[in-house]
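Remarks on the structure that follows.
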Amino acid sequence: MPGVVSDLHSIGELARASGLTVSALRFYDSAGVLAPALVDPVTGYRWYTDEQIGPARLVAGLRRVGMPVPEIAAAVRAEPAEVHRLLDAHLRRLADGLADARREIVRLRALVDPAPTTVTTLLLSPAELAAALDAVRFAVGVDPELPALSGVLLDVAPDGVRLVATDRHRLAVARAAAGVDGPPARVLVPVDLVDRLRRLLATADAREVRLTVAGVDLRVTVAGRTLTGAALPYDFPDYRRLLREAVGARPAAYRIPVDVVALRAALRDPAAPTLAREYAGTPLAVSVLGLDDSGGLRLLHPAELATADPAPDPTSGLRFGVNGGYLLDALDAAGGPQLVLELDGPIAPLAVRRPNDEDTFSVLMPIRL
């Protein structure tokens with residue numbers, strides 16, 4: 001026994017090496033997270049190997065960021081990809097908790113010092129509002145763990161309103177002119193109210209839409225019919241920063257004309273060629289696009305995919321991968337037989353725009369080939 005023990009570390013030595021306290025190591029032993037390599041049957045002393053120092057440091061870090069014990073136990077035994085997934089899920093929980101705390105603090109401040117509710121009223125064209133809703137609705141998030149993405153943001157300025165939706169993989173933006181009476185406002189409209197409004201616009205014969213924002217209360221009147229609802233109590237992401245990062249202020253390196261009819265038909269073809277990739281443990285079919293001889297967009301064919309080089313192809317100038325279904329959604333939402341696709345390179349975000357329309361577009365994240 002003495003020869004074996006001399007090659008091991010005492011619980012105090014592991015505590016100093018890992019940043020965990022002795023009591024924490026005892027707790028994680030009893031919880032089945034980090035058991036000692038050896039326990040002396042006479043003295044009860046715990047002994048650990050060199051190989052356990054790394055896992056102990058991992059446990060200490062996960063403990064510092066507040067990860068639940070069952071997930072710490074899973075992380076210690078998991079492959080790196082699974083540990084990253086656990087970290088991402090924990091970060092989302094922390095972000096949601098921070099957002100909840102911020103909302104609660106705002107509510108408490110209002111209880112301490114109530115502020116008068118501001119009212120902003122917009123008068124909009126029914127056709128223009130319907131077009132803006134159609135341009136962004138497809139990008140609304142459906143992940144229950146990301147409720148802040150489950151609606152359409154209305155960002156009201158003095159001369160109109162910008163509509164924004166995102167599910168993290170794509171971002172859609174549209175603008176509608178409006179007569180605005182009242183201060184600027186930002187409200188996250190539930191997708192249910194968005195859909196009810198769109199159906200009403202499709203059936204009502206109206207000359208204008210009156211939309212009133214009073215705090216979190218929303219009221220929309222169309223042709224004598226009124227819809228009401230409450231804004232979602234979540235902080236929508238800073239989409240302006242996302243736009244700066246994804247689109248930027250300078251012209252894109254590639255500005256590619258898109259024959260929408262031809263590209264839509266190619267993407268919808270059941271025999272359309274794709275590359276098999278994986279995202280978050282789920283198989284994903286990737287559509288690979290490139291340039292034709294005239295600089296237009298084309299879907300690469302099976303023979304080309306078999307020898308596809310992830311670097312830009314010198315004969316076509318560019319080659320990049322996308323989720324074909326997401327691209328179809330963007331094409332359908334943008335409308336029109338001709339669109340423009342803008343991007344800076346094969347792994348840069350790509351924007352789908354209408355020609356000569358800077359206010360309505362969607363941004364898709366590419367997939368590395």
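General observations
- Every residue from the range 208-242 that is in contact with a helix residue (DSSP H, G or I) (Cβ under 7 Å, 6 or more places away or on another chain), open to solvent by less than 30 Å² (accessible area, probe 1.4 Å) and among the aromatic types (Phe, Trp, Tyr): Phe236
- Residues that are surrounded by 16 or more Cβ atoms within 10 Å (Cβ to Cβ) and either β-branched (Val, Ile, Thr) or under 13 Å from Thr121 (Cβ atoms) (or both) within the range 183-207 comprise Ala185, Val187, Val189, Val191, Val194, listed in sequence order.
- Residue satisfying all of: in the range 156-174; over 17 Å from Ala334 (Cβ atoms) and in a strand (DSSP E or B); most open to solvent (accessible area, probe 1.4 Å) among these: Ala157
- Those residues of the range 36-63 which are surrounded by fewer than 15 Cβ atoms within 10 Å (Cβ to Cβ) and among the polar types (S, T, N, Q), in sequence order: Thr43, Thr49
- Those residues of the range 19-28 which are open to solvent by less than 70 Å² (accessible area, probe 1.4 Å) and either touching a Cys at 6+ places or on another chain (Cβ under 7 Å) or more than 16 Å from Arg57 (Cβ to Cβ) (or both), in sequence order: none
- Flag if Leu201 is at negative phi and in a helix (DSSP H, G or I): yes
- Val180 open to solvent by 10 Å² or more (accessible area, probe 1.4 Å) and either small (Gly, Ala, Ser) or under 20 Å from Asp359 (Cα atoms) (or both): yes
The values are calculated or read from the model by the stated rules, or taken from the named source; none is laboratory data. A quick note: this is a predicted structure, and the numbers were derived from the prediction, not measured. Ideal geometry is used to build each Cβ from the backbone, glycine not excepted, and the neighbour counts take in all protein chains shown. Keep in mind that these areas ignore ligands, DNA and RNA; they rest on the heavy atoms of the full protein, side chains included. Shrake-Rupley method; radii C 1.70, N 1.55, O 1.52, S 1.80 Å.
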